[in-house]
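The values are calculated or read from the model by the stated rules, or taken from the named source; none is laboratory data. From a predicted model like this one, the values you see are computed outputs, not experimental measurements. Cβ coordinates were reconstructed from backbone atoms using ideal geometry, including for glycine residues, and neighbour counts include every protein chain displayed.
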Amino acid sequence: MSGFSAEWLALREPFDAAARATAPEASLGLWAGKRGGPLRIVDLGAGTGSNLRHLGPRLPLAQDWTLIEHDPALIAAGEARLPRSGEIRARYRRADLRSELESVLTEPVDLVTCSALLDLVSAEWLGRLVQLVQDRDLALLAVLTYDGRVSLEPGLPLDADVIGLVNRHQRTDKGFGPALGPEAGIELARVLHGAGDQPLLALSDWSAGPGDRSFQRALVEGWAEAAAAIAPERAAAIGSWCRDRLRAIEAGASRCRVGHVDLLRLPHGQRGPA
Ligand SMILES: C[S@@+](CC[C@H](N)C(=O)[O-])C[C@H]1O[C@@H](n2cnc3c(N)ncnc32)[C@H](O)[C@@H]1O
């Protein structure tokens, strides 16, 4: 199990919402708005339902969501927040996406979506996803895929080294085989292009300022842990880097930007105006 806590997902949710690119959402909304009936949506690796909470109210039609998640604690936290009435219906399905991807997409579906998932998966798994999406000509909205770019202010001499180690850690197995990590977004675009698609790719960077202490603290501590896991022999230097960064955060002197990408694929012959 990849081990994402509900607390971390709640902490990142407003930063995700602010970061998400508007152009793919707008194109998706135009395409969806032309359709009749409820849009059938499958959200892969749904966590506590952040993607549903963001996208649901922005799509101009009734929706029927299935949230796929393997972690029972996240499902319990998310179920308590599902919409109970109105135009959006939603339910969880517990499944392990590594072995059950094909089976969760056997149900009728119009849009496959995922948020902050693809950097965890392997090239082999991404290929399976693309094959399913193209074979069935489904819409795909994959948002908030980490792309390896991090900028930190004030700069410290060890920043680039630590982020380099973090990006190596991103490539380790997160339950799907060797992870694509920072390459995932561009790899998805490449594979789709190779099969004749023209996906829309847009940046969706997190931006945190001096007031965002809890979020920045969690990021820096997570980065230090990941970097030390890759280079245990450098644990002391990484620990000292972490303490310096935490001091800057507490002093209200720290900003950071963390690169992500959003990608939209629309079905052939049904694309709305760009
Ligand atoms: C970074 S979190 C993102 C959660 C949510 N999409 C969001 O944006 O808040 C990745 C999610 O993928 C789920 N996940 C990871 N591996 C999975 C697997 N093999 N099967 C199903 N879900 C998985 C995790 O439990 C977690 O909820």
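Couple of notes before you dig in:
- Candidates Pro83, Pro72, Pro57: the one that is within 15 Å of the ligand (Cβ to nearest atom) and either surrounded by fewer than 22 Cβ atoms within 10 Å (Cβ to Cβ) or at pLDDT 95 or above (or both) is Pro72.
- Here the condition is being within 11 Å of the ligand (Cβ to nearest atom), within 30 Å of Val166 (Cα to Cα), surrounded by fewer than 21 Cβ atoms within 10 Å (Cβ to Cβ) and acidic (Asp, Glu); of Glu124, Glu100, it holds for Glu100 alone.
- Matching residues in segment 176-196 - criterion: being in a loop (DSSP other than H, G, I, E, B) and crowded, with 18+ Cβ neighbours inside 10 Å: Phe176, Ala179, Leu180
- In this structure, Gly37 qualifies as more than 8 Å from the ligand (Cβ to nearest atom), at positive phi and of a type outside the set (Ser, Thr, Tyr).
- The residues listed here are Ala46, Ala21; of these, the one that is modelled with pLDDT of 95 or more, small (Gly, Ala, Ser), surrounded by 16 or more Cβ atoms within 10 Å (Cβ to Cβ) and within 11 Å of the ligand (Cβ to nearest atom) is Ala46.
- Flag for Tyr92 being modelled with pLDDT of 95 or more, in contact with a His (Cβ under 6 Å, 6 or more places away or on another chain) and within 15 Å of the ligand (Cβ to nearest atom): no
- Sole residue being over 17 Å from Arg89 (Cβ atoms), outside any loop (DSSP other than H, G, I, E, B) and free of Cβ contacts under 8 Å to residues at least 40 places away in the same chain, chosen from Pro14, Pro57: Pro14
- When Gly78 is tested against (1) more than 11 Å from the ligand (Cβ to nearest atom); (2) part of a helix (DSSP H, G or I), exactly one condition is not met: (1).
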